[in-house]
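Below: the structure, in structure tokens.
The values are calculated or read from the model by the stated rules, or taken from the named source; none is laboratory data. Every value quoted in this text rests on a predicted model; they were computed, and no experiment measured them. So basically every Cβ, Gly included, is an ideal-geometry build from the backbone, and we count neighbours across all protein chains shown.
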Amino acid sequence: MPAKMPNKNNHEPTTFKTHVTKSGYTMTAILERQSQDVLIQLIGGDVPHFGVVMSIDNTGHAETTALPSRPGHVHQEKILIEQVAYAIKPVLQNNAIIVSGMHVNDISSEQMHAALPMALELGQQLANWLKEHPADQPHIIFAK
């Protein structure tokens, strides 16, 4: 029987956190990497939460689920996640999960209009970080 390779992937995940503040509120992006996969939280406002989830597979195909927010409504952060996904897709090495939830109490029109550029700016910062910090290809052995 061949000897097993030592587990070289038994390490702490790589993380990166950044934020943008405009129009009186802050939006934060937190990236965590496991091997070549990434998990991104896009949160902020007065009540950060998890309301929308997007998965992007290694072919670039994306699927989004919006969870219920209150009776008869679902969370609306898909439009913010799409900005981040647009920025990071070209530099993803494998799969990505993006979760988002932002609630700004009594949000103004100015604050609503600031959200998309803020999300895109965070997406560009994440993409730059991913380009500057590529993950090594993991050594994977499947059962025979």
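Within segment 17-79, which strands (runs of 3 or more DSSP E) (wholly inside it) include 1 or more residues that are surrounded by 14 or more Cβ atoms within 10 Å (Cβ to Cβ), among the aliphatic types (A, V, I, L, M) and in contact with a strand residue (DSSP E or B) (Cβ under 7 Å, 6 or more places away or on another chain)?
In segment 17-79, the matching strands (runs of 3 or more DSSP E) lie at 25-34, 37-45, 52-56, 62-66.
I need the full set of residues from segment 121-140 which are surrounded by 13 or more Cβ atoms within 10 Å (Cβ to Cβ) and of a type in the set (D, E, K, R), in order please.
Within segment 121-140, 121 is the sole residue that qualifies.
Output yes when any residue across segment 36-58 is at pLDDT below 95, more than 22 Å from residue 18 (Cβ to Cβ) and over 15 Å from the mean Cα position of the chain (by Cα), and no when none is.
Checked segment 36-58: no residue is at pLDDT below 95, more than 22 Å from residue 18 (Cβ to Cβ) and over 15 Å from the mean Cα position of the chain (by Cα).
Suppose we keep only residues that are of a type outside the set (A, V, I, L, M), in contact with a strand residue (DSSP E or B) (Cβ under 8 Å, 6 or more places away or on another chain) and in a helix (DSSP H, G or I) within segment 83-120. Which one would you say is surrounded by the fewest Cβ atoms within 10 Å (Cβ to Cβ)?
Checking each candidate, the answer is 117.
I need every pair where a residue in segment 108-126 that is modelled with pLDDT of 95 or more has its Cβ under 6 Å from the Cβ of a residue that is aliphatic (A, V, I, L, M) and not in a helix (DSSP H, G or I), sequence separation at least 6 or different chains.
Close Cβ pairs satisfying both conditions: 111/104; 118/20; 118/27; 121/20; 122/20; 122/29; 126/29; 126/31.
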